[in-house]
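Here is the structure we will look at.
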Amino acid sequence: MADRPHSPCEVCRFHKFAKNDPYSLLGWFWTWHTKWCPGWKSYVKGRRQAGEGPPEIGSDRGLWDEKK
């Protein structure tokens with residue numbers, strides 16, 4: 001596994017809240033936010049390049065295609 005740079009998405013309190021309660025209003029907002037956030041896309045791309053699995057939540061945006 002390659003090292004990947006630290007991402008604020010790993011320690012984001014909204015991300016943590018969305019993982020704990022994805023059907024809450026804040027969880028829904030955070031999930032919606034991942035559709036267009038360049039930081040989240042970079043975070044997911046970095047995980048892939050490092051050989052890590054997809055994030056627990058927010059990876060179903062077409063950013064983690066298993067065919068690649």
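None of the figures in this text is laboratory data; all of them are computed from the coordinates on show. These numbers come from a predicted model, not from an experiment. All Cβ positions, even for glycine, are placed from backbone atoms using ideal geometry, and neighbour counts span all protein chains on display.
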Notebook entry, point to check: Order of VAL11, VAL44 from fewest to most other C-beta atoms within 10 Å?
Noted result: VAL11, VAL44
Checklist line | Scattering profile of the stretch 8-47 at q = 0.31 Å⁻¹ [log10 I(q)/I(0), Debye over alpha-carbon scatterers] | finding: -1.07
